[in-house]
1. Relative contact order for the chain: what is it in percent, counting Cα pairs under 8 Å that are at least 6 residues apart?
2. Tell me, what HN-Hα J-couplings in whole Hz come from the Karplus equation 6.51 cos²θ - 1.76 cosθ + 1.60 at θ = phi - 60° for each residue of the range 145-150, using x for Gly and Pro?
3. Report the paramagnetic label zone for Asp168: residues of the range 334-377 whose backbone N is under 14 Å from a point 7 Å from Cα along the Cα-to-Cβ axis.
4. Using DSSP to call loops (not H, G, I, E or B), can you name the GluC sites (Glu not before Pro) in the range 1-86 whose Cβ has at most 12 other Cβ atoms within 10 angstrom?
5. Under 8 Å for C-alpha pairs, at least 6 residues apart: give me the relative contact order for the range 187-433, rounded to a whole percent.
6. Taking Lys227 as the anchor, which lysines have their alpha carbon closer than 29 Å to its alpha carbon, excluding any fewer than eight residues away along the same chain?
7. Counting only DSSP beta bridges with both residues in the chain, what percent are antiparallel, rounded to the nearest 5?
8. Could you tell me the calculated FRET efficiency between Ile293 and Arg155, based on Cβ-Cβ distance and R0 = 35 angstrom, to the nearest 0.05?
Amino acid sequence: MTTEKAEIGLIGLGVMGANLALNIAEKGQKIAVFNRTTARTTAFVEQAGDLAGMIVPCETIEALAEAIRPPRPIIVMVQAGSAVDEQIAHLKPVLSANDIIIDAGNANFHDTVRRTKELENTGLTFIGMGVSGGEEGARNGPSIMVGGTEDSYRRVEPTLTAISAKFDGEACSAWLGTDGAGHFVKTIHNGIEYADMQMIAEVYGVLRDGLGMQAKEIGAVFERWNKGRLNSFLIEITAKVLGADDPKTGKPIVDMILDRAGQKGTGKWSAIEAQTLGVPATAIEAAVAARVISSLRDERLAAERAYGPAATGTISRDIIDDLELALFAGKIAAYAQGFAVMSTASREFNWNLPLPTIAKIWRAGCIIRSQFLGTIAEAFGKDAGVANLLMAPAFIEMMKGASPSLRRVVAISAEAGLPMPALGSALAYFDGYRQGRGTSNVIQAQRDFFGAHGFERMDEPGAHHGPWGSGA
Ligand SMILES: NC(=O)c1ccc[n+]([C@@H]2O[C@H](COP(=O)([O-])OP(=O)(O)OC[C@H]3O[C@@H](n4cnc5c(N)ncnc54)[C@H](OP(=O)(O)O)[C@@H]3O)[C@@H](O)[C@H]2O)c1
């Protein structure tokens, strides 16, 4: 190992941190690393192979600071929450002016905004950076969403560009806005990921229970779909997981996996932020709720005994082509919702989020990567003023083609008693969004009746009251 100082540092050698550090080292940057538990640091360097010479293991945070050439960029990749605050508190005394702390975990963007403020006037710079792509992405090229000052991004841009995923040669890394912008966008990315995964699971449910198909056969359907309009990482891995056997029993592994999914920060935060901003994100909300229902396994089993199971094997195979289009229509609605949340947040927090760029940096590296994001980038690029993805001309055409299938699939599944929370809510969102004359006139009348809230009239401006009980 040379005595030359490292160019960058990293704290937290868990799944993501270790892989990100190897990625950075492989791109030719010497990196100093520190982990709370030293044994993990030692094991990391031992397993780094040819890259070990590019890694400086440090046993203390002081040693970490000493090992990096100032001004130091230091990536913090630890569990989100108080661990990040602890690491910042440990770093502050050992860093000097112009050093940059980069929180690359899945932080709540409100924490990022707070940390940015707390570090103001300390001479240190703070970047909140969303990283997507899981273990494989961190090692070989993630999608990177950066929040902070533009100047601080420019200082780390060469490193981030080098380690990020590439789509047609374009780096999937971008500066998206100040303070919490990067972590907000990562949160919404994960919310969309929840919706995408839930809708896939719902379609799997129709194929399994409604059509009585076996896992491998369903996997083959997803494999075929992956060659068409649904082409994406999530469809690709769904085909693979459905095709995999359990080494213990020889049965399809999915048939051995308990139907209970957890939900952590980012999915829930997406739904909360959408609600707070007053933007409907029903597919994301439904996906979070569906995971919660999935976790109530004992209650579900008891309820099935009480009410009887859904009808199985009652749906004809003719529905398979509709299922592909239904998934596509649901996906359009879910992405429309996610982008609408980002568009509103952008105005609310003065971020000026570049929506076409966000779609572009999600085309590779991240979990929701797909062809489809290129079409979204084009739509927001061409129709900059478009209020909602559903109103971009290309998407109007796509939705006109796909929404009848979504309707058929939701109706047939409802008949059979098969749950469709995300696809069903996507359809309800679409129908509500495109209904010129809605039904809230009744809600307004009810509110005026019991609370004298007043209502607007169709034929004259101003606030009005109804003739309820007034004798008028
Ligand atoms: N896994 C993914 O697919 C993924 C994808 C995108 C983003 N993320 C985010 O990336 C971050 C890291 O995730 P991960 O999957 O790499 O986690 P992980 O494998 O569980 O590793 C957690 C790391 O955080 C450290 N840590 C935990 N509490 C700490 C504390 N109080 N003080 C100091 N260090 C502490 C651990 O150190 P010890 O070794 O000492 O325990 C370990 O290095 C999280 O914010 C996560 O949400 C994860």
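1. Working: 845 pairs, mean separation 60.5, N = 472.
For the chain, the relative contact order is 13 percent.
2. 3J(HN,Hα) across the range 145-150, in whole Hz: 10, 10, x, x, 6, 5.
3. It comes to 357, 359-364, 370-377, nothing else.
4. Numbers: sites: Glu4, Glu7, Glu26, Glu46, Glu59, Glu62, Glu66, Glu86; in loops: Glu4, Glu7, Glu59.
Answer in residue order: Glu4, Glu59.
5. Numbers: 356 pairs, mean separation 70.9, N = 247.
Relative contact order of the range 187-433: 29 percent.
6. Partners within reach: Lys166, Lys186, Lys216, Lys240, Lys251, Lys331, Lys360, Lys382, Lys400.
7. Values: 10 of 34 bridges.
Restricted to the chain, the bridges split so that about 30 percent are antiparallel.
8. Values: r = 46 Å, r/R0 = 1.31.
According to the calculation, E is roughly 0.15.
Quick note: the coordinates plus some simple rules give every number you see, no bench work behind them. Note that the structure is predicted; figures quoted are calculated from it, not measured. Neighbour counts are summed over all protein chains in view; Cβ atoms, including those assigned to glycine, are modelled from backbone coordinates with ideal geometry.
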